[in-house]
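The values are calculated or read from the model by the stated rules, or taken from the named source; none is laboratory data. The shown structure was predicted, so the numbers you read here are calculated from the model rather than taken from an experiment. Glycine also receives a Cβ, built like all others from the backbone with ideal geometry; neighbour counts cover every protein chain displayed. Side chains are part of the model used for accessible areas, which takes the heavy atoms of the whole protein and leaves out ligands, DNA and RNA. Shrake-Rupley method; radii C 1.70, N 1.55, O 1.52, S 1.80 Å.
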Amino acid sequence: MLASDLAVKFWGVRGSIACAGPQYVRYGGNTSCLEVTAGGRRLIFDAGTGLRPLGDTLCSADKLDVDIFFTHTHFDHICGLTFFKPLYTRENKVRLWAGHLAPILRLVDVVKQLMMAPLYPVTLDIFVAKVEFRDFRSGETLRPAAGVRLRTAPLNHPNGATGYRIEHGGKAICYITDTEHRGGPPDPVVVELCRDADVMIYDSTYTDAEYPSYRGWGHSTWQEGIRVADAANVGSLVIFHHDPSHDDAFMDGVERDAQAARPGTAKNGQPRAVVAREGMVIAP
């Protein structure tokens, strides 16, 4: 039985490409994947390589009923989908959601292209679970379960992306990746979506010093995350989407600097700034 309270578990925290090696052990090398539980339901966000180990833990469940929400469909956020074992059990129901494609494209067509020869050995027909593809428009409000509300907003990223605010029981977790700040004051769209949230998970791929070399790639910095969190009165900032060049030692330094810039704990008892690690659970 899933807990009724709102919580998030991190299964993949890295961006761009999965990383292996002893220098990535403490923070993790899998790409983006979150498991949110709320009101006895499981909501998964993004299908990076972290989706594979999450799926392995769900194989014993009877008649799994789950939703997967994509921020966008760049490869590092969808490459774990075909390794999600619940898709290969006939009794399961899996709904796939995307808000950045319609009306020009459809999510089902993107997944078909992902599994197209000569890039992939099997086609979409290999899934035997009941799979539904649901396209929406970023900015819509979704209600995937009783007592659970998802507010969405478009993010500044090449080919589009969607930010999510998950609300349940008077608490809110925001998931903001992949997005690039525009300079000047924090992005008002992101600030409004995250206003007074208990937790904000934010694309912190670069540092402010690194960012000028990657302008236009669609990513932000941990320092901008602090500026957004402060402007939106966010409780806890979670630094996320770690660059593959940022190993454990580098991320230790980021966390140290971020906590110095945003010291103390939020009202939920969590640090006001923390670096995401695989396996970490936050319950606001």
- request: Among what's in segment 25-40 and is in contact with an Asp or Glu (Cβ under 8 Å, 6 or more places away or on another chain) and open to solvent by 30 Å² or more (accessible area, probe 1.4 Å), pick the residue that is farthest from Asp5 (Cα to Cα).
  value: Val25
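Okay, residues lined up against (1) surrounded by fewer than 23 Cβ atoms within 10 Å (Cβ to Cβ); (2) modelled with pLDDT of 95 or more; (3) on the phi > 0 side of the Ramachandran plot:
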residue: Ile176; (1), (2), (3): no, yes, no
residue: Val190; (1), (2), (3): no, yes, no
residue: Asp198; (1), (2), (3): yes, yes, no
residue: Asp203; (1), (2), (3): no, yes, no
residue: Tyr214; (1), (2), (3): yes, yes, no
residue: Ala229; (1), (2), (3): no, yes, no
residue: Val234; (1), (2), (3): no, yes, no
residue: His241; (1), (2), (3): no, yes, yes
residue: Asp252; (1), (2), (3): yes, yes, no
query: Do you know which residues across segment 11-51 are in a strand (DSSP E or B), out of contact with any helix residue (DSSP H, G or I) (no Cβ under 9 Å at 6 or more places or on another chain) and without any contact (Cβ under 8 Å) to a residue 60 or more places away in the chain?
result: Thr37
Segment 102-131, residues that are under 26 Å from Ala61 (Cβ atoms) and open to solvent by 90 Å² or more (accessible area, probe 1.4 Å): Asp125, Lys130
query: For segment 52-101, what are the residues that are of a type in the set (A, V, I, L, M, F, W, C), outside any helix (DSSP H, G or I) and open to solvent by 30 Å² or more (accessible area, probe 1.4 Å)?
result: Cys59, Ala61
field: Subset of segment 78-116 that is over 20 Å from the mean Cα position of the chain (by Cα) and among the hydroxyl-bearing types (Ser, Thr, Tyr) - its residue that is farthest from Gly12 (Cα to Cα)
entry: Thr89
- prompt: In this structure, does Ala153 turn out to be out of contact with any Asp or Glu (no Cβ under 7 Å at 6 or more places or on another chain), among the aliphatic types (A, V, I, L, M) and over 13 Å from Thr71 (Cβ atoms)?
  reply: no
- prompt: How many of the residues in segment 140-151 are surrounded by fewer than 13 Cβ atoms within 10 Å (Cβ to Cβ) and in a loop (DSSP other than H, G, I, E, B)?
  reply: 1
- request: Kindly provide the set of residues from segment 219-263 that are in contact with a Leu (Cβ under 7 Å, 6 or more places away or on another chain) and among the small types (Gly, Ala, Ser), ordered by number.
  value: Gly225, Ala229
message: Name the single residue that is farthest from the chain's Cα centre (by Cα) among those in segment 221-250 being over 20 Å from Asp76 (Cα atoms) and among the aliphatic types (A, V, I, L, M).
response: Ala249
message: Tell me yes or no: at least one residue of segment 209-225 is more than 14 Å from Asn156 (Cβ to Cβ) and either basic (Lys, Arg) or touching a residue at least 60 places away in the same chain (Cβ under 8 Å) (or both).
response: no
field: Check on Ala161, open to solvent by 10 Å² or more (accessible area, probe 1.4 Å), touching a residue at least 40 places away in the same chain (Cβ under 8 Å) and over 26 Å from Tyr24 (Cα atoms)
entry: no
query: What do you reckon, is Val128 outside any strand (DSSP E or B), among the β-branched types (Val, Ile, Thr) and more than 22 Å from Glu35 (Cα to Cα)?
result: yes
